[in-house]
Amino acid sequence: MKKEEKDEYDKTYGLFKFKRPLPSEIESAMGLVGESILFKKLISADYERFYDPIKIPEEGDWLMTHKEYGQTYNEYIQKDCYQVDPNHNVIYIHRISSNDDLIKDELFHNVITLLEAFFIGMKVYLIDEGNSNYINNNNENNIENSNENNIENNIENNGENNIENNNNNENNNENNIENNNNQNNDNNDNKQSNESNEKIPINADQLLEKLKLEMPEDAYCLFGIIDNDIYTETLLPNGKRLIKATYGKRSVPDRVSIFSLARFDPFFNFNGKIKNLSKEQKYKISLILLKRVCSAITREICYMFGMKNCTFMSCCMNGTNVAEFDNKQIELCPICLRKLITNIRANGEDIKTYRVKKPLIVYNRFVRMRDALENFSGLYENELKWFDARIEFLKTLI
Ligand SMILES: [Zn+2]
């Protein structure tokens, strides 16, 4: 490597001095030693031509303010992986709010098809039984109760912090989807009401506890999705309660996650009221939301497999602030794909010694992903071109 090139790699970015990984570090992170030649090719052939390097972090990006170690394939297998086994191999998506205000049913079913392709070999079931068990029981613990307490910050500040408006907001660093510490709600402007056009924010911790109890026997993981706004509540040392609105909350050891669509909605209204929108506006929102949901849900489920934020290449597992979310790619980089495929294929065998015995699953997954993305009527045009090119290239190697 020439000196100028080496100097570029030595540059550091952000608070924690992030450095771009060297090509040798990327290849080592793939950990392809001991695999069949065909598997190696299907995962990594010509990867520099097909996969983008990790984006150089800029002001406001996740990597400027968060320390990330990067998880190699070997680290994943040795210590982080939650292994799939044949008796627990179903991904359950529990849509708690069954009304289709935000995403139409027919579009939501495309998400399920995409998940079946993304997590090829796993079953994906949708539970869609309405929200009554979740919302009514939370009334006793709603934002109204918080009026008695001092809650830090107020909704005026947070009003600007939605996904649409935050693109150039430097103060957005804490406002990410990763650590769920997004925004603080104000009790005064966010009072619960019985008016039918308002949605009650729900306690995310309680939702998560309920979902844990509902885990079906054959579940690998359970992912709850709701269109009410959700919040977490912390008791501070001074006895006050801190309430923070959040996008989601997860428990990786329990493999349960709850995720709110509310703040993914470009028209999210911080006073809880639903805006009257035309049919056309609603449809447009559906599409924006749909893309955000697909990115969020695939990544959340990857976390349930023990995968961590990717720092090697441009990848759906890159740490992401809200403003970066809409530019996020839907596909995994070769390192993360290698982790996922090995776990799914091992299916109960000793993963530390497992070698992928039917490598064509990698190729088949690309085809399934391409077909699933085609259902989204033009929403993934660039991605489709990428999958077509990758598939054509891999065909020549098989
Ligand atoms: Zn990756």
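Quick notes on this structure:
Conditions (1) part of a helix (DSSP H, G or I); (2) in contact with a strand residue (DSSP E or B) (Cβ under 7 Å, 6 or more places away or on another chain); (3) more than 21 Å from Met307 (Cβ to Cβ), marked per residue:
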{"position": "Tyr9", "(1), (2), (3)": "yes, no, yes"}
{"position": "Glu25", "(1), (2), (3)": "yes, no, no"}
{"position": "Ala29", "(1), (2), (3)": "yes, no, no"}
{"position": "Val33", "(1), (2), (3)": "no, no, no"}
{"position": "Leu38", "(1), (2), (3)": "yes, no, yes"}
{"position": "Ile43", "(1), (2), (3)": "yes, no, no"}
{"position": "Glu48", "(1), (2), (3)": "yes, no, yes"}
{"position": "Lys55", "(1), (2), (3)": "no, no, no"}
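- Note on region 13-33: residues that are of a type outside the set (D, E, K, R) and either surrounded by fewer than 10 Cβ atoms within 10 Å (Cβ to Cβ) or not assigned by TED's automatic domain parsing to the domain that holds Leu394 (or both) total 2.
- Of the set (1) under 22 Å from the mean Cα position of the chain (by Cα); (2) in a loop (DSSP other than H, G, I, E, B); (3) of a type in the set (A, V, I, L, M), all apply to Leu373 but (2).
- Residue list for region 330-343, restricted to those being assigned to a loop (DSSP other than H, G, I, E, B) and either among the acidic types (Asp, Glu) or near the ligand (Cβ under 10 Å from one of its atoms) (or both): Glu331, Leu332, Cys333
- Region 376-398: number of residues that are more than 22 Å from the chain's Cα centre (by Cα) and among the aromatic types (Phe, Trp, Tyr): 1
- Meets criteria (part of a helix (DSSP H, G or I) and within 16 Å of the ligand (Cβ to nearest atom)) for Arg292: no
- Residue ID - surrounded by the fewest Cβ atoms within 10 Å (Cβ to Cβ), chosen from residues in region 208-237 that are within 24 Å of Pro266 (Cβ to Cβ) and not hydroxyl-bearing (Ser, Thr, Tyr): Asn228
- Test: residue in region 283-295 that is surrounded by 22 or more Cβ atoms within 10 Å (Cβ to Cβ), in contact with a strand residue (DSSP E or B) (Cβ under 7 Å, 6 or more places away or on another chain) and touching a residue at least 12 places away in the same chain (Cβ under 8 Å): no
- From the options Cys315, Cys336, residue that is within 20 Å of Phe16 (Cβ to Cβ), in the same structural domain as Gly31 (by TED's automatic domain parsing) and out of contact with any strand residue (DSSP E or B) (no Cβ under 7 Å at 6 or more places or on another chain): Cys315
For every residue, the table says whether it meets (1) assigned by TED's automatic domain parsing to the domain that holds Lys11; (2) polar (S, T, N, Q); (3) modelled with pLDDT under 95.
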{"position": "Lys55", "(1), (2), (3)": "yes, no, yes"}
{"position": "Tyr69", "(1), (2), (3)": "yes, no, yes"}
{"position": "Ile91", "(1), (2), (3)": "no, no, no"}
{"position": "Asp101", "(1), (2), (3)": "no, no, yes"}
{"position": "Glu106", "(1), (2), (3)": "no, no, yes"}
{"position": "Val111", "(1), (2), (3)": "no, no, yes"}
{"position": "Ile127", "(1), (2), (3)": "no, no, yes"}
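- One residue alone among Asn327, Asn321, Asn343, Asn347 is on the phi > 0 side of the Ramachandran plot and not assigned by TED's automatic domain parsing to the domain that holds His109, and that residue is Asn347.
- Hits in region 42-67 - residues which are over 15 Å from Phe16 (Cβ atoms) and in contact with a Leu (Cβ under 8 Å, 6 or more places away or on another chain): Leu42, Ile43, Ser44, Ala45
- Any hit, region 345-360, residues being aromatic (Phe, Trp, Tyr) and either surrounded by 19 or more Cβ atoms within 10 Å (Cβ to Cβ) or within 16 Å of the ligand (Cβ to nearest atom) (or both): no
- Test: Tyr92 is touching a helix residue (DSSP H, G or I) at 6+ places or on another chain (Cβ under 7 Å) and either crowded, with 19+ Cβ neighbours inside 10 Å or under 25 Å from Met215 (Cβ atoms) (or both): no
- Total residues in region 310-328, condition touching a residue at least 60 places away in the same chain (Cβ under 8 Å), of a type outside the set (A, V, I, L, M) and more than 9 Å from the ligand (Cβ to nearest atom): 6
- Checking every residue in region 368-390 against the condition of being crowded, with 22+ Cβ neighbours inside 10 Å, within 16 Å of the ligand (Cβ to nearest atom) and of a type in the set (A, V, I, L, M, F, W, C) gives at least one match.
The values are calculated or read from the model by the stated rules, or taken from the named source; none is laboratory data. Just so it is clear, the structure is predicted and the values come from calculations on it, not from any experiment. Please note: Cβ atoms are built from the backbone with ideal geometry, for glycine as well, and neighbour counts cover all protein chains shown.
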